[in-house]
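Some notes on the structure that comes next.
The values are calculated or read from the model by the stated rules, or taken from the named source; none is laboratory data. None of the values given here were measured: they were computed from a predicted structure. Glycine gets a Cβ as well: all are built from the backbone with ideal geometry, and neighbour counts include every protein chain shown. For the accessible areas, the whole protein counts, side chains as well, though only heavy atoms, and no ligand, DNA or RNA atoms are used. Shrake-Rupley method; radii C 1.70, N 1.55, O 1.52, S 1.80 Å.
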Amino acid sequence: MTNWKNLDTLDSYKALKACKGSVDLTTVMAGESGADRAKNYSVPMAEKLTYNFAAKEVDDTVLEKLAALAKEAELVDKFQELYNGAVINTGENRLVLHQMTRGQLGEPVKADGVDKRTFYVEQQNRIAEFANKVHNGEITNAAGEKFTTVVQIGIGGSDLGPRAMYLALENWAKKNGTFKMDAKFISNVDPDDAAAVLASTDVAHAIFVLVSKSGTTLETLTNESFVKDALAKAGLDASKHMIAVTSETSPLAKSDDYLAAFFMDDYIGGRYSSTSAVGGAVLSLAFGPDVFARFLNGAAAEDETAKNTDIRKNPAMLDALIGVYERNVLGYPATTVLPYSQALSRFPAHLQQLDMESNGKSVNRFGEPVDYPTGPVLFGEPGTNGQHSFYQLLHQGTDIVPLQFIAFKNSQIGTDVEIQGSTSQKKLCANVAAQIVAFACGKKDENSNKNFKGGRPSSIIIGEQLDPETLGALLAHFENKVMFQGFLWNINSFDQEGVQLGKVLAKKVLAHETDGALKVFSDLLNI
Ligand SMILES: O=P(O)(O)OC[C@H]1O[C@H](O)[C@H](O)[C@@H](O)[C@@H]1O
């Protein structure tokens, strides 16, 4: 059994604090020293990805201290406990098993009377069989015609991850001949969301995937009714057009309203559910089950790296440790993820939920307040677009915001042109290389307005091409990073009580049970 201790009680953390200010990026990233760091401060990930941390404010001494912290905080042992079935989600008294949707990292885990790995594989097989039947026309609409579009209805973890993954692979699948069906998504309770998606969808040939782990989310149930209404108006039987993905204990699980139902369980948090049936249904329908399986393999391979006790061989743990050093020792309040890949346009939105819903906590695993900062604010956009938008603050603003770049050597579609001596892909990659050095080294100018102080840390994940395996590895990397940071902060990264209060008050507003400011705002909004 491991010891769960607050970060500020660990001796290795106290030693780490002494390193503050010891690495000046403007110096170490210049000249030969910068070249050496760029070569050596790099850790292999799965699927030919690498995590390069040359432009982080660390050196061999800081790395030694981070390794000591990893050891004292028993990070890898805690991960081992997690995948072997300990009740890591203390707030909700649950196991945490999302990694098991893509592989068996340790011992078999039995819960609810079944072997959990067997359960997840069974669901994958059921989804694969269903998707194949839709693709080959064994499952059709009432007129015997093939379904051409899949529309996912869900919100939060039942939307962001699957949507980001779909967008990440859409062009790759089209290029590689595995694209089967268009996917669309309805999430917001804003009626304009459902109405716009439905208006652009041939509902007679659409299969709707209702995704809700709890089966009780107001937005999702409302949108389900919205869609059912549209189907009825088109003279269609909703139960022949809808499947459900939910947990076996949810109210949806037993309903006859669906063509089929696929299951996840309480041991997979919504924001960790992309590799479960939640992502599995839509991605298998859109791209075929083989592509989904390849995505899972990439995630499984990356999970394996997270078992390594050596920080130079465990990229997620190293990334997590550097992030905690930046947050707690260097005092940086935010972080940004900048994929130089248009296909990853919604990946930062997914990471916002993954990171902030997991680690936005003020009490430790035992419910006691912690008196150190926990999860940072996370935001992001694809580059180069971000460069023409908010990078100004990142380069010259008063806050230092650590950056996390992601880039691939090759584009997905492969269509490119050479203009002024370089392709668009080369221009994209040239920009990310330039940004790393510009942020780290800065540039002196006598005109203070044009002066770049530098000293702004970044890391970069570099891959060959964004394909199903690399996407799986990338997703698992961030999930595992968030998990290790939660361990370091001694918080429970797997519940989300902070989303409840707003939901309760919204219900009161709708029931007109308001007074004070709530009443005034209800009136102002004409509710
Ligand atoms: O999948 P569902 O049960 O419908 O939940 C959808 C989402 O809503 C909740 O409010 C939580 O904040 C999220 O963690 C969750 O992913």
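Across the stretch 113-295, C-alpha contacts under 8 Å between residues 6 or more apart give a mean separation that, scaled by the residue count, equals a relative contact order of 30 percent. Within the accessible surface of the stretch 113-295, defined with a 1.4 Å probe on protein heavy atoms only, the carbon and sulfur portion equals 50 percent. The value for the stretch 239-353 of Rg(Cα) / (2.2 N^0.38 Å) is 1.37.
The Cα atoms of the stretch 113-295 cover 44, 38, 28 Å along the three principal axes, with the biggest extent listed first.
The antiparallel fraction among DSSP beta bridges confined to the chain stands at about 30%.
The value obtained for the stretch 451-527, namely the Cα convex hull volume divided by the number of residues, is 295 Å³ per residue. This model, with +1 at the C-beta of Lys and Arg and -1 at the C-beta of Asp and Glu, gives the chain a dipole about its Cα centre of some 740 debye. The helix-only estimate of mean residue ellipticity at 222 nm for the chain, built from DSSP H runs of length n ≥ 4 each weighted as -39500 (n - 2.57), is -12500 deg cm²/dmol after division by the residue total. Per residue, the convex hull spanned by the Cα atoms of the chain measures out at 174 cubic angstrom.
Along the Cα-to-Cβ line of ALA143, 7 Å from the Cα, sits a label point; which residues in the stretch 226-262 have backbone N less than 12 Å from it? Inside the label zone: 235-236. In this structure, the residue pairs whose Cα-Cα separation is over 23 Å, taken from LYS133/LYS184; LYS175/LYS240; LYS110/LYS240; LYS71/LYS409; LYS20/LYS71, are LYS175/LYS240; LYS110/LYS240; LYS71/LYS409. Taking θ as phi - 60° and the Karplus parameters 6.51, -1.76 and 1.60, the scalar couplings of the stretch 499-513 work out to 8, 6, 4, x, 5, 5, 5, 4, 4, 4, 4, 5, 8, 6, 9 Hz in sequence order, x denoting glycine and proline. In this structure the amide hydrogen of LEU378, modeled in the peptide plane, comes within under 5 Å of the amide hydrogens of THR335, none closer than 5 places in sequence on its chain.
Excluding ligands, DNA and RNA, the accessible surface per residue across the chain is 42 Å² with a 1.4 Å probe. Mean sequence separation of contacting Cα pairs (under 8 Å, at least six apart), scaled by the length of the chain, corresponds to a relative contact order of 21 percent. Electrostatic bookkeeping for TYR41 treats Lys and Arg as +1 and Asp and Glu as -1; over the other residues with beta carbon under 11 Å from its beta carbon, the sum is +1. Based on Cα contacts under 8 Å between residues 6+ apart, the stretch 140-195 shows a relative contact order of 44 percent.
Scalar couplings 3J(HN,Hα) for the stretch 233-243, obtained by applying the Karplus form with A = 6.51, B = -1.76, C = 1.60 to θ = phi - 60°, are 4, 8, x, 10, 8, 4, 5, 8, 10, 10, 10 Hz; x denotes Gly and Pro.
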